[in-house]
Amino acid sequence: MDNYNNGPIPPWQNNDSGFPPYYTPPTRHPGSSFATASMVLGILAILSAFTGTVFPPLVCGGLAIILGLLSKGNDKAMLPNAKVGILTAILGLVINILIVASAFLLLFTNADMQNDFRRQLNQYYEYFYGESFDDAWDEIEDMYGGYR
């Protein structure tokens, strides 16, 4: 009987673990948190690559790859979340590189876009510094004898 007169105490309650002897609580893999963080950052790398920004996909993708590799620890096999994280990070980085490279290629091969870029650069430079970029560039060329 227990202290409350509820009947006999089951034998598995005497082992101070709170669990029956045949039950073992589930254990987590030591690197599962890194693997989950790698997967989340890999997905963020893909999503941020489509926004046209350069640095967030690089940071998220790089961290996802590092955390995915760190989650492996000393094991021979990599956790599934870590594999997904590394693959999505690589995909995000490739998408980012393709989008940025195509933007630069379009900018430097299209004459209309070059003229628009030059016009906007002159406007911003004049707004911040009081003279156009072309005038400032001409002064620099005069100072240093031009570029060859």
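Look at segment 117-138: where a residue is under 21 Å from residue 106 (Cα atoms) and a partner is open to solvent by less than 80 Å² (accessible area, probe 1.4 Å), sitting 6+ places away or on another chain with Cβ atoms under 7 Å, you get 117/107; 121/133; 122/132; 122/133; 122/134. Restricting segment 92-117 to residues that are over 30 Å from residue 59 (Cα atoms) and in a helix (DSSP H, G or I), the residue that is least open to solvent (accessible area, probe 1.4 Å) is 111.
Here residue 127 meets the list (1) at pLDDT 90 or above; (2) assigned to a helix (DSSP H, G or I); (3) open to solvent by less than 80 Å² (accessible area, probe 1.4 Å) almost entirely, failing just condition (3). Scanning segment 41-77 for residues that are open to solvent by 50 Å² or more (accessible area, probe 1.4 Å) and farther than 29 Å from residue 104 by Cα turns up 69, 70, 72, 73, 74, 75, 76, 77.
How about segment 130-148: which of its residues are in a helix (DSSP H, G or I) and either of a type in the set (Ser, Thr, Tyr) or open to solvent by 100 Å² or more (accessible area, probe 1.4 Å) (or both)?
As a first pass, look at segment 130-148 and keep what is in a helix (DSSP H, G or I): 133-144.
Those that are in a helix (DSSP H, G or I) and either of a type in the set (Ser, Thr, Tyr) or open to solvent by 100 Å² or more (accessible area, probe 1.4 Å) (or both): 137, 142, 143, 144.
Among the candidates 117, 104, the residue that is touching a helix residue (DSSP H, G or I) at 6+ places or on another chain (Cβ under 8 Å) and under 30 Å from residue 133 (Cβ atoms) is uniquely 117. Within segment 10-40, restricting attention to residues that are surrounded by 11 or more Cβ atoms within 10 Å (Cβ to Cβ) and either in contact with a Lys or Arg (Cβ under 8 Å, 6 or more places away or on another chain) or of a type in the set (Val, Ile, Thr) (or both), the residue that is modelled with the highest pLDDT is 40.
The values are calculated or read from the model by the stated rules, or taken from the named source; none is laboratory data. All figures in this text were calculated on a predicted structure; none of them were measured in a lab. Using ideal geometry, Cβ is built from the backbone for each residue, glycine included, and neighbour counts are taken over all protein chains shown. For accessibility, only protein heavy atoms count, side chains too; no ligands or nucleic acids. Shrake-Rupley method; radii C 1.70, N 1.55, O 1.52, S 1.80 Å.
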